[in-house]
Amino acid sequence: MEEREALLDRVSSSDGTGVKDPATGAVIGRVSFGTPGDVAAAVDTAVAAQPGWAALSDEERCAALMRAADAIEAHAEELAYVLSREQGKTMDGLGARFEAAGCAIWVRTAASTPLPVEVLIDEPASHAELRYRPVGVVGVITPWNWPMIIACWQIVSALRMGNTVVQKPSEHTTLSGLAIVEVMNEALPPGVLTAVTGAGDVGDALVRDRRVGKVMFTGSVKTGMKVVEASAGNLSRLTLELGGNDAGIVLPDADPQAIAEGVFWGAFINSGQTCNALKRLYLPDAIYDEVVDAVAGIAAKVPMGIGLDEGNALGPLQNQMQWNVVNRLVEDAKARGARVVMGGDPDAGAPGHFYPKTLIADIDNSAPLVQEEQFGPALPIIRYTGLEQAVEWANGVDFGLGASVWSADREAALAIAVRLQAGTVWINSHGGVDPRIPFGGAKHSGYGLEFGVEGLKAVSVPQVISG
Ligand code: NDP
């Protein structure tokens, strides 16, 4: 066994369901899935550990989290290996090593973000201040696209604020979820971070457990709505990071060569399986062909293949279900007469869930590939003539996670950016997140913020001390 395989071996169970490498179909490990009945025991553990964890000083909790970041760094290659084998992403580029490194960065930043007591009034006759208390137990439910870093985002803020956490990874990337918890637990006191495995019914049981005061949910809009319903009986606090269908609007003054690489990676990072990827590209008449050609030129040079093969920059889709979604949307676009600039011709018989890098131009804005979240490496490109039209189309979906505007003139881009109904609008890039900058969605992309001081407040109960 290679040294970097040790963690995969540790989190894999001796029996249970075989976990397949999405690139090859090879069985890489086993998971013994839990059931809704296992949730209560995990929450028992979290409830028992919470008072002791909350009783530590903020400095002590942050020090423990910094040690968890050290552990992540010490095991970074092993974590990346689990991710690449189970999620499919490449070791290189914006892939598995990038995600593992990001976990440590997020943990360190959340553990060093100041959250002082806020003095609201300080007058001779009146004093009021705002403090943030722990909620208690936080349930963290995560998807399969960035299974370690999304878990870290939520776990670390919750722990920092004195909560304990029960995490439910997606059944598609259970080993990745278990691996990050296992490594962080090398540094954390027993019981403060627990994982429960299983499918949606396990997530549902976690949401319904009356002792879970806050649920951090990242996933699809459809499941997010179920989480809202299931939480109603507990009045649990919720942060919902749901899907996206981010528009990118290129202004006529943009330099096609200068923006092509940013546009490409904004759309194709993690083979498009990214909530805040650029999923619809709006191009003006004036530079339409030039941008299409420039993006296609970049795409042609990016190698897609097995994640473990160093040098590949894009991997397969994680599962057949998502492959079917992408294939359906692209086939529909072709049937409507849209132009395939590249890709769109998957080899359904080949091993793994590979879908080729696909650019679909001359597509009508009403096509499902534009209106639905494709969550894969297939980018629709829509021509616009007037900017008003582009803004209306960009805002014309229920999603509102991110958007981008591309221009040589920042002021011109800004004037459009503020009109877009999205939680984040990037100018001349798309999709970058930063642990110091709040991130969250508008409309059906969810509510609540993560990261920065707002992310810490989101896993707390505000308390006013007056007098
Ligand atoms: P799902 O909504 O299918 O699943 C998300 C998580 O919820 C999984 O752990 C899933 O378990 C669990 N789950 C399923 N049913 C229930 C239920 N009834 N109650 C509680 N939990 C449940 O999303 P995907 O995993 O398919 O992820 C892809 C989606 O996530 C995309 O729409 C993407 O845009 C979005 N996303 C949003 C992000 C953001 O920050 N806004 C970031 C990343 C992804 P299981 O998988 O085992 O069924």
### Query
Do you know which residues across the stretch 79-103 are within 19 Å of G272 (Cβ to Cβ), surrounded by 24 or more Cβ atoms within 10 Å (Cβ to Cβ) and of a type in the set (G, A, S)?
S84, G88, G95, A96
### Query
What do you reckon, is M148 crowded, with 23+ Cβ neighbours inside 10 Å and either within 13 Å of the ligand (Cβ to nearest atom) or under 18 Å from V433 (Cα atoms) (or both)?
yes
### Query
Which is surrounded by fewer than 24 Cβ atoms within 10 Å (Cβ to Cβ), farther than 30 Å from V341 by Cβ and away from the ligand (no atom under 16 Å from the Cβ), of L240, L251, L235?
L235
### Query
Taking interchain pairs and intrachain pairs at least six residues apart, which have beta carbon atoms under 7 angstrom, with the first residue in the stretch 222-244 and closer than 20 Å to F439 by Cα and hydroxyl-bearing (S, T, Y) and the second more than 7 Å from the ligand (Cβ to nearest atom) and outside any helix (DSSP H, G or I)?
T239/M216; T239/G448; T239/E450; T239/A458
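Let's see how each residue does on (1) within 30 Å of G136 (Cα to Cα); (2) touching a residue at least 60 places away in the same chain (Cβ under 8 Å):
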site: A23; (1), (2): no, yes
site: S32; (1), (2): yes, yes
site: A42; (1), (2): yes, yes
site: A54; (1), (2): yes, yes
site: S57; (1), (2): yes, no
### Task
For the stretch 281-338, enumerate the residues that are surrounded by 16 or more Cβ atoms within 10 Å (Cβ to Cβ) and of a type in the set (G, A, S).
A294, A296, A299, G305, G307, A313, G315, A333, A338
#### Entry: Per-region count, the stretch 180-226, residues touching an Asp or Glu at 6+ places or on another chain (Cβ under 8 Å), among the β-branched types (V, I, T) and closer than 22 Å to Y447 by Cα
2
### Query
Of all residues in the stretch 386-422, how many are surrounded by fewer than 23 Cβ atoms within 10 Å (Cβ to Cβ), touching a residue at least 24 places away in the same chain (Cβ under 8 Å) and part of a loop (DSSP other than H, G, I, E, B)?
10
### Task
Name the single residue, out of those in the stretch 187-217 being in contact with a Lys or Arg (Cβ under 8 Å, 6 or more places away or on another chain) and of a type in the set (D, E, K, R), that is surrounded by the fewest Cβ atoms within 10 Å (Cβ to Cβ).
D204
### Message
Any residue at all in the stretch 261-269 that's of a type in the set (F, W, Y), within 16 Å of the ligand (Cβ to nearest atom) and either touching a strand residue (DSSP E or B) at 6+ places or on another chain (Cβ under 9 Å) or farther than 26 Å from E99 by Cα (or both)?
### Response
yes
### Message
Quick check on this structure: which one of T164, T194, T113, T142 is of a type in the set (V, I, T) and under 25 Å from F268 (Cα atoms)?
### Response
T142
### Message
Suppose we filter V215, V183 for residues that are more than 21 Å from A422 (Cβ to Cβ), assigned to a helix (DSSP H, G or I) and of a type in the set (V, I, T); which single one remains?
### Response
V183
### Query
Among the residues of the stretch 104-112, is there at least one that is crowded, with 24+ Cβ neighbours inside 10 Å and either small (G, A, S) or outside any helix (DSSP H, G or I) (or both)?
yes
### Query
What number of residues in the stretch 1-30 are under 16 Å from A100 (Cβ atoms) and at pLDDT 95 or above?
7
### Task
Collect the residues in the stretch 155-184 that are more than 28 Å from G16 (Cα to Cα), among the polar types (S, T, N, Q) and either under 18 Å from the mean Cα position of the chain (by Cα) or surrounded by fewer than 24 Cβ atoms within 10 Å (Cβ to Cβ) (or both), keeping them in residue-number order.
S157
## Note on the structure
Note on the stretch 152-185: residues more than 10 Å from the ligand (Cβ to nearest atom) and touching a Gly at 6+ places or on another chain (Cβ under 7 Å) are S157, N163, T164, V166, L175
### Message
For K214, only one of the following conditions fails: (1) within 13 Å of the ligand (Cβ to nearest atom); (2) under 30 Å from Q374 (Cα atoms); (3) among the basic types (K, R). What is its number?
### Response
(1)
### Task
Could you list, in sequence order, all residues of the stretch 186-210 that are outside any helix (DSSP H, G or I) and either within 16 Å of the ligand (Cβ to nearest atom) or polar (S, T, N, Q) (or both)?
T194, A195, V196, T197, G198, A199, D209, R210
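The values are calculated or read from the model by the stated rules, or taken from the named source; none is laboratory data. This one's a predicted model, so the numbers in the text were calculated from it and none came from an experiment. Neighbour counts are summed over all protein chains in view; Cβ atoms, including those assigned to glycine, are modelled from backbone coordinates with ideal geometry.
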